[in-house]
Amino acid sequence: MDPLSLPKLKQHNSLSNIIAIFLSTMAMLSKNLHSTSTPLQLQLVLLSLQRLFLFQQWNWNPIFHLLLLFCFFLVYVLRVGALAFKPPSVYLVDFSCFKPPSTCQLPLSRFIQHASSIISFDSQSVEFMAKIVASSGLSEQTYLPPALLSSPPKTHQREYIKEAEMILLPLMDDLLTKAKLSPRDIDILVIHCSAFCPSPSLSSIIVNKYSMRSDVKSFNLSGMGCSSGAIGIDLAQNLLKTNNNCYAIVISTEILSAGWYSGHERSKLLINCLFRMGSAALLLTNRKEASKTSKYRFIRTLRTQTAFDDKAYLTAIREEDDDGKLGVTINKGLLPAAGELLRSHMTILGLKILPLTEKLKHVVSVIRKKFKDKEGEIYMPSFKTAIQHFCLPTSGRALIGEIAKGLNLDGRDVEASLMTLHRFGNQSSSSMWYELAYMEARERVKKGDKVLMLGMGTGPKCGSCVWECVRPIAGDSNKNNPWRDCIHLYPIEAVSSISQT
């Protein structure tokens, strides 16, 4: 019965009419409110209660009417109030990836020749590094900074600053140009770099070079390893929750000359072989108008760590060797510790993002195995039901393969990770942005798709970010993209197979 026929209803007392009119009004208001302010479930409740009052015989106790009205009004006010105070959405407007000049490229033959000319390396060390690089999955086109291409390598403070400026300044210029913003438009600046922590900080260097505002909120994170990308984003989005209408820049970088090891211990020489030059900057905002022009919407971050466990804590640690030379020791227990950390992390993340059907399948399989079929297999939820694209750590083909196996990913799912490792090497926390740039260059990311970025670093720590694409990206996917001059060569079949990892 239509709400307009309410006055014609008979056998209705005045209180019932008031309640019915109230419900009709609330239901109509709910239809006209923005969909994000009034969920579909709430609208259905309103309409259902409205129909219930219209078609009943109205012979209930008046006290019941009052109690029902009060309870409903209280729930409605609390729900609308909670939505009214909900923090604004955080959007990724755009991002930039640094592409080093061709003069910094380091083919394997040049790497061996260069390492052989360094007096601090003996023949066994050179042979070991050459073997690691040849089997690492890196191409002949990865990059090292000019300081490390000198003979001997220049590993002192002045060169560290030069490398930082060589990377960070072009990166900032490109990002601000893409967004058509001035440095003084930026309200929050977060830079994370694991190996190099100067004073003044890297964030202060940027503030100084670009004459940014005196009230800019700048932060510098160090020592967080390859997982610092998610940590920096989490810091920035938390600041955006409490500061309205702001722009935030987050920069992921690594100064390789500060982490170079010139000794003989093999467990420390691995860093020289796997890490390569790279950096990424992203622009975040909580401005409402950004929802139409931004690329992605922030969904969530998650961080887990096992630093409380001594055995895990010591799997990767920066320390001096017997000759007093500083380097990062990577122990054999790293992969098992990383596997355990990843299982813990993905279990928590799965509870937050997986659809209910996947969770139920897993629970049912556990119960069946415990009480009925003890030899049956436990169903592993598929993250592909919630995530369309994966950006995995580029710490090596073996690790990528293990993660793919654990998450039931196929070759296409890990293609961006393997190709990024091949073309650019391990760029620490910035690698995941080169992976996303690869997906954009191949025009794979569609509106509504969700992207999972996963990073694992010393500690050990695991950090992840989930993004949702909010607009088509195909039109501008190759604009200043680091893959624009070589994407037609990828994927390379020889390094695409997970079985080879």
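The values are calculated or read from the model by the stated rules, or taken from the named source; none is laboratory data. Since the model is a prediction, treat every value here as computed from it, not as a measurement. Positions of Cβ are backbone-derived with ideal geometry, glycine not excepted, and every protein chain shown enters the neighbour counts. Areas reflect the complete protein model, heavy atoms only, side chains present, ligands, DNA and RNA absent. Shrake-Rupley method; radii C 1.70, N 1.55, O 1.52, S 1.80 Å.
Would you be able to say whether some residue in region 87-102 is in a helix (DSSP H, G or I) and free of Cβ contacts under 8 Å to residues at least 40 places away in the same chain?
yes
Provide a single number: the residues in region 197-215 that are crowded, with 20+ Cβ neighbours inside 10 Å and in a loop (DSSP other than H, G, I, E, B).
1
Name the residues in region 446-471 that are open to solvent by 10 Å² or more (accessible area, probe 1.4 Å), touching a residue at least 40 places away in the same chain (Cβ under 8 Å), of a type outside the set (D, E, K, R) and under 16 Å from Tyr296 (Cβ atoms), would you?
Hit for region 446-471 is Val470, nothing else.
Name, by its number, the condition in (1) out of contact with any Gly (no Cβ under 8 Å at 6 or more places or on another chain); (2) aliphatic (A, V, I, L, M); (3) open to solvent by 10 Å² or more (accessible area, probe 1.4 Å); (4) touching a residue at least 60 places away in the same chain (Cβ under 8 Å) that does not hold for Ala474.
In the conditions (1) out of contact with any Gly (no Cβ under 8 Å at 6 or more places or on another chain); (2) aliphatic (A, V, I, L, M); (3) open to solvent by 10 Å² or more (accessible area, probe 1.4 Å); (4) touching a residue at least 60 places away in the same chain (Cβ under 8 Å), Ala474 misses (4) alone.
Could you tell me which residue of region 289-299 is farthest from Phe95 (Cα to Cα), considering only residues that are part of a strand (DSSP E or B) and open to solvent by less than 70 Å² (accessible area, probe 1.4 Å)?
Checked region 289-299; the qualifying residue farthest from Phe95 (Cα to Cα) is Ile299.
In region 241-260, what residues are at pLDDT 95 or above and not in a strand (DSSP E or B)?
The one that is at pLDDT 95 or above and not in a strand (DSSP E or B): Cys246.
Yes/no matrix, rows are residues, columns are (1) β-branched (Val, Ile, Thr); (2) out of contact with any Pro (no Cβ under 7 Å at 6 or more places or on another chain); (3) outside any loop (DSSP other than H, G, I, E, B); (4) touching a residue at least 60 places away in the same chain (Cβ under 8 Å):
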site: Ser365; (1), (2), (3), (4): no, yes, yes, no
site: Arg368; (1), (2), (3), (4): no, yes, yes, no
site: Gly376; (1), (2), (3), (4): no, yes, no, no
site: Met380; (1), (2), (3), (4): no, yes, no, no
site: Lys384; (1), (2), (3), (4): no, yes, yes, no
site: Phe390; (1), (2), (3), (4): no, yes, yes, yes
site: Ser395; (1), (2), (3), (4): no, yes, no, yes
site: Leu399; (1), (2), (3), (4): no, no, yes, yes
site: Glu402; (1), (2), (3), (4): no, yes, yes, yes
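Quick one: how many residues across region 183-196 are farther than 15 Å from Ile161 by Cα and outside any strand (DSSP E or B)?
Residues in region 183-196 being farther than 15 Å from Ile161 by Cα and outside any strand (DSSP E or B): 5 in total.
Out of the residues in region 303-320 that are part of a helix (DSSP H, G or I) and without any contact (Cβ under 8 Å) to a residue 60 or more places away in the chain, which is surrounded by the fewest Cβ atoms within 10 Å (Cβ to Cβ)?
Asp310
In region 486-501, how many residues are loosely packed, with under 14 Cβ neighbours inside 10 Å and modelled with pLDDT under 90?
Qualifying residue count for the region: 6.
Taking interchain pairs and intrachain pairs at least six residues apart, which have beta carbon atoms under 8 angstrom, with the first residue in region 121-147 and within 23 Å of Glu159 (Cα to Cα) and modelled with pLDDT of 90 or more and the second part of a helix (DSSP H, G or I) and of a type in the set (Ser, Thr, Tyr)?
Going by the 8 Å Cβ cut-off, the qualifying pairs are Pro145/Ser257; Pro146/Thr103; Ala147/Tyr160; Ala147/Ser257.
For region 259-269, which positions are small (Gly, Ala, Ser) and open to solvent by less than 10 Å² (accessible area, probe 1.4 Å)?
Gly263, the sole residue that qualifies.
In region 154-180, which residues are surrounded by fewer than 19 Cβ atoms within 10 Å (Cβ to Cβ), more than 20 Å from Lys99 (Cβ to Cβ) and of a type outside the set (Val, Ile, Thr)?
Lys154, His156, Gln157, Arg158, Lys180, listed by residue number.
If I ask for residues that are among the charged types (D, E, K, R) and open to solvent by less than 50 Å² (accessible area, probe 1.4 Å), which ones from region 181-196 would you list?
Matches in region 181-196: Asp187 only.
Go through region 384-432 residue by residue and tally those that are over 27 Å from Pro100 (Cβ atoms), of a type in the set (Val, Ile, Thr) and touching a helix residue (DSSP H, G or I) at 6+ places or on another chain (Cβ under 6 Å).
1
Can you tell me which of (1) open to solvent by 30 Å² or more (accessible area, probe 1.4 Å); (2) under 22 Å from Cys273 (Cβ atoms) is the one Leu360 doesn't meet?
(2)
Which of the residues spanning region 90-124 are open to solvent by 50 Å² or more (accessible area, probe 1.4 Å), within 30 Å of Tyr247 (Cβ to Cβ) and of a type outside the set (D, E, K, R)?
If the condition is that a residue be open to solvent by 50 Å² or more (accessible area, probe 1.4 Å), within 30 Å of Tyr247 (Cβ to Cβ) and of a type outside the set (D, E, K, R), then Pro101 is the only one that fits.
Kindly provide the set of residues from region 242-269 that are of a type outside the set (Val, Ile, Thr) and in contact with a Phe, Trp or Tyr (Cβ under 9 Å, 6 or more places away or on another chain), ordered by number.
Passing the criteria: Ser252, Glu254, Leu256, Ser257, Ala258, Gly259, Ser262, Gly263, His264, Arg266, Lys268, Leu269.
In region 129-144, is there at least one residue being surrounded by 15 or more Cβ atoms within 10 Å (Cβ to Cβ) and more than 19 Å from Asn426 (Cβ to Cβ)?
no
Counting only residues that are under 30 Å from Ser257 (Cβ atoms) and among the hydroxyl-bearing types (Ser, Thr, Tyr), how many does region 307-353 have?
Of the residues in that region, 3 qualify.
Determine whether region 222-231 contains at least one residue that is of a type in the set (A, V, I, L, M) and either assigned to a loop (DSSP other than H, G, I, E, B) or over 22 Å from the mean Cα position of the chain (by Cα) (or both).
Yes, region 222-231 has at least one match.
Test of understanding: among Leu326, Leu274, Leu335, which residue is touching a residue at least 60 places away in the same chain (Cβ under 8 Å), closer than 25 Å to Cys193 by Cα and open to solvent by less than 60 Å² (accessible area, probe 1.4 Å)?
Leu274
Restricting attention to region 238-252, which residues are open to solvent by less than 10 Å² (accessible area, probe 1.4 Å) and either more than 22 Å from Ser182 (Cβ to Cβ) or among the acidic types (Asp, Glu) (or both)?
Ser252 - this is the single residue of region 238-252 that is open to solvent by less than 10 Å² (accessible area, probe 1.4 Å) and either more than 22 Å from Ser182 (Cβ to Cβ) or among the acidic types (Asp, Glu) (or both).
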